[in-house]
Amino acid sequence: MLDQIQQIARQAALKAGALLRRNFAQPHKITLKGRHDPVTESDLQSQEIIVQTLLQVFPNHHILAEEQGAPNSAKSSQDNCWIIDPLDGTVNFAHGFPMFAVSIAFQQQGAVLYGVVYDPMREELFEAARGRGAWLNRQPIRVSTVRELDQALVATGFPYNVNERLENTIRRFKKLVALAEGVRRPGSAALDLSCLAAGRFDGFWEEGLKPWDTAAAVLIVEEAGGRVSNFGGGPFDLASDNVAASNGLLHRQLLQALQI
Ligand code: IPD
Ligand code: CA
Ligand code: CA
Ligand code: CA
């Protein structure tokens, strides 16, 4: 079954990614879900393509997707559930900054078994299957071997309700700017984590993420040999409000830096 899951999910990600690539240069119709949370018609079209592609083959499966309406994270604990971010990095997309992705994960009995993150502008398809490994365009990937935070390139993002969490967000950001070699804020959590899995980043942290931001990419990091936890070092699960991820070697240093 996992082979079929992989094949259909990959197909859905490529189809939705092709749509986003086509729409990228066109003017966008934008509505606002919140002060920092826009949605374009491409988010909705991408979601439609993904859901249709999956349900055609698996009509009885559950769907948890960002643009479905009221977020219902309880659903993510249902069996045979697809967790979908049809466009991760909507702000980038809407501004013509080519850093965004499609994210699709398949969950069974509380565990994500397969995840794919597709960057349509670079045509990079990151994926992982539990226990089988992680790949970028079908080549195995591995996290970096950087051991010290002061030699690390780390990435982060700011939550959409950043104004409510501004103090802590800035305090952590300041600490990492001082301690790491470099800090980036690219704007797509799923891609940031996938880049960590491929050894391009050495660490990542963010708070306020939703299951569709992390479901696929966390599995990709873990299968590439990385470590994922919450800020306190406890196990990360999809309901966790915060995530700290690294190549494993500098996890302790990253967690220490996140304590404020
Ligand atoms: C957002 C992106 C961004 C992160 C936000 C997410 P969206 O997702 O992943 O990098 O900082 O917290 O909500 O809304 O563009 O799918
Ligand atoms: Ca959004
Ligand atoms: Ca997202
Ligand atoms: Ca999204």
Inset, instruction - Only one of these is of a type in the set (Phe, Trp, Tyr), more than 12 Å from ligand 2 (Cβ to nearest atom) and within 26 Å of residue 237 (Cβ to Cβ): 100, 106. Name it. - result: 106
Legend entry - Scan of region 9-48 for residues that are within 15 Å of ligand 1 (Cβ to nearest atom) and open to solvent by 80 Å² or more (accessible area, probe 1.4 Å), ordered by number: 30, 31, 32, 33, 35, 44
Legend entry - Number of the condition not met by residue 238 [criteria: (1) within 24 Å of residue 109 (Cα to Cα); (2) within 12 Å of ligand 1 (Cβ to nearest atom); (3) open to solvent by 10 Å² or more (accessible area, probe 1.4 Å); (4) not charged (D, E, K, R)]: (2)
Legend entry - Failed item in (1) touching a residue at least 60 places away in the same chain (Cβ under 8 Å); (2) open to solvent by less than 30 Å² (accessible area, probe 1.4 Å); (3) more than 16 Å from ligand 3 (Cβ to nearest atom), with residue 96 passing the rest: (2)
Inset, instruction - Specify the residue that is farthest from residue 26 (Cα to Cα); the eligible residues are those in region 84-107 that are in a strand (DSSP E or B) and within 7 Å of ligand 1 (Cβ to nearest atom). - result: 85
Legend entry - Criterion: part of a helix (DSSP H, G or I), modelled with pLDDT of 95 or more and either within 16 Å of ligand 3 (Cβ to nearest atom) or among the hydroxyl-bearing types (Ser, Thr, Tyr) (or both) - qualifying residue of 54, 20: 20
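The values are calculated or read from the model by the stated rules, or taken from the named source; none is laboratory data. In this text, all values refer to a predicted model and were calculated from it rather than measured experimentally. Using ideal geometry, Cβ is built from the backbone for each residue, glycine included, and neighbour counts are taken over all protein chains shown. These area figures cover heavy atoms from the full protein model, side chains too; ligands, DNA and RNA do not enter into them. Shrake-Rupley method; radii C 1.70, N 1.55, O 1.52, S 1.80 Å.
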